[in-house]
Amino acid sequence: MIEVRLLRSFAVIAELGSFTEAARHLHVSQPALSQQIKALEHQLRTPLFVRSSGPTRPTPAGEQLLRHALRVLAAVDDATDAMLGLASARTGRLRVGVVVGGFWDILHPVLRALAEEVPEARFRVRQIPSQDQLAAVRRGDVEVALYRRIAEESEDGLVVTPLRGDPLIAVVAEDHPALRPDGTLPLADLAGERFVAFRRVWMPLTYDRCLAACHDAGFTPDIAEHCEDPLTMAFAVAGGAVALTGAGMAGRYPGLAYPVVTPVRSIAEVSLAWRQDADNPLLPVFAKQVLALCGDPVEYWR
């Protein structure tokens, strides 16, 4: 039986790509963390990370374990939250659903502000495929979703607040020759490049609109690799690939550039959604911070 503690340590290392950063995040010493991973590898009888001088990456076995670990940890966290309950807006818990990539440009400053405003509260962020976001809200898997709004999707029983557009950006090396001084990049200049993309099953809207943008620019992208998480995408770009995605990934990893592609086009409207009967006292606290960052609600499909 694998200990949840070991799975959590493994997942944090895989997400951060560094034993040092993971040890700091988990508040343990690096030697102790290394011993935990060695114990897990011994139990599973396989290496879980590639040992090299570069960023720490999971082995193929490690990637398979990570998919299972994330599901297990989410279930454990949900069970913990259910048992502890919601005490108040000062000490409660709020589960937030996001697409793969997590809208880093929104959630990072919002969660930092909430750590100051309600330091005893807990915010649990879960990555959910974009097409499953509203269903997760309706089922109660999460209390609020930060998602890309789809015009054809039913919003019955939900409160939906549009926030801003989600401009298409490229993710490239910071010295990529197609970068312009104004921080943009002509999409046509990426013709012939090796692309990496999130798997369509995770973000079908983004995937399809990225392909459509390339076709409008006069080329079909050569997608050499599909990935399931932002860290894998960042590694691929560091290795010479390029990527297209929404603006929510901008600034997530150093050493890369995140230019808006031209001609400018929006993937969709970024919105908040929660159930009409929601009574979590942390929900308005969270929504207020998001709206303060994004400004007044904007017209849908602006």
From DSSP H assignment alone, runs of 4+ in the chain each adding -39500 (n - 2.57), the sum over residues rounded to the nearest 500 puts [θ] at 222 nm at -12500 deg cm²/dmol
In whole Hz, the Karplus estimates of ³J(HN,Hα) for the stretch 119-127 (6.51, -1.76, 1.60; θ = phi - 60°; x where Gly or Pro) are x, 8, 7, 10, 10, 9, 9, 10, 7
Listed residues 157, 239, 54; largest mean-square fluctuation, Gaussian network over the chain with Cα springs below 10 Å, found at 54
With a Förster distance of 30 angstrom and the Cβ-Cβ distance between residue 156 and residue 15, calculated FRET efficiency to the nearest 0.05 equals 0.30
Here the relative contact order (percent) of the chain, from C-alpha pairs under 8 Å and at least 6 apart, is 23 percent
Once amide hydrogens are built 1.01 Å from N within the peptide plane, the residues lying 5 or more places from residue 99 or on another chain with amide H under 5 Å from its amide H are 128
Checking rank on 212-225, 123-136, with mean other Cβ inside 10 Å and highest first, the result is 123-136, 212-225
With a ≥ b ≥ c from the Cα gyration tensor eigenvalues, square-rooted, and the rule rounded for a/c under 1.5, otherwise prolate when a/b > b/c and oblate otherwise, the stretch 162-291 is prolate
Charge tally for neighbours of residue 194 with beta carbon under 12 Å away, counting Lys, Arg as +1 and Asp, Glu as -1, is -3
In a Gaussian network model of the chain with springs linking alpha carbons closer than 10 Å, the residue among 162, 181, 284 that fluctuates most is 181
The answer for the chain, counting only DSSP H helices whose Cα atoms cover 20 angstrom or more along the axis and whose Kyte-Doolittle average is 0.0 or greater, is 60-84
Length gained if residue 291 through residue 34 is fully extended, taking 0.36 nm per residue and subtracting the Cα-Cα distance, is 88.4 nm
Scoring the stretch 183-296 by relative contact order with C-alpha pairs under 8 Å, at least six apart, yields a percentage of 31 percent
In whole Hz, the Karplus estimates of ³J(HN,Hα) for the stretch 140-145 (6.51, -1.76, 1.60; θ = phi - 60°; x where Gly or Pro) are x, 5, 9, 8, 8, 10
Between the residues 107, 205, 119, the Cα farthest towards the positive end of the dipole of the chain, that dipole coming from +1 and -1 charges on the beta-carbon of Lys, Arg, Asp and Glu, is from 119
If amide H atoms are modeled at 1.01 Å from N in the peptide plane, then the residues at a separation of 5 or more from residue 198, or on another chain, having amide H under 5 Å from its own are 227
Simple SL model, points at 7 angstrom along Cα→Cβ for residue 200 and residue 113; separation in nm is 3.8 nm
Treating only Lys and Arg (+1) and Asp and Glu (-1) as charged, each at its beta carbon, one finds that the stretch 1-56 has a dipole about its Cα centre, in Debye to the nearest 20, of 100 debye
Gyration tensor on Cα atoms of the stretch 124-194, a ≥ b ≥ c root eigenvalues, a/c under 1.5 rounded, else prolate if a/b beats b/c, else oblate, says prolate
Simple spin-label estimate for residue 43/residue 138, 7 Å along Cα→Cβ, in nm, reads 3.8 nm
On the formula 1/(1 + (r/R0)^6), with r taken between the Cβ atoms of residue 175 and residue 127 and R0 of 30 Å, the FRET efficiency rounded to 0.05 is 0.50
Length-normalised contact order of the stretch 75-226, Cα under 8 Å, at least 6 apart, in percent, tallies to 22 percent
The long-range amide H neighbours of residue 2, using H built 1.01 Å from N in the peptide plane and a cut-off of under 5 Å, are none
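Only the coordinates and a few stated rules stand behind these numbers; no lab work does. What you are looking at is a predicted structure, and each value in this text was computed from that prediction instead of being measured. Methodologically, a virtual Cβ is constructed for each residue, glycine included, from the backbone with ideal geometry; neighbour enumeration extends over all protein chains shown.
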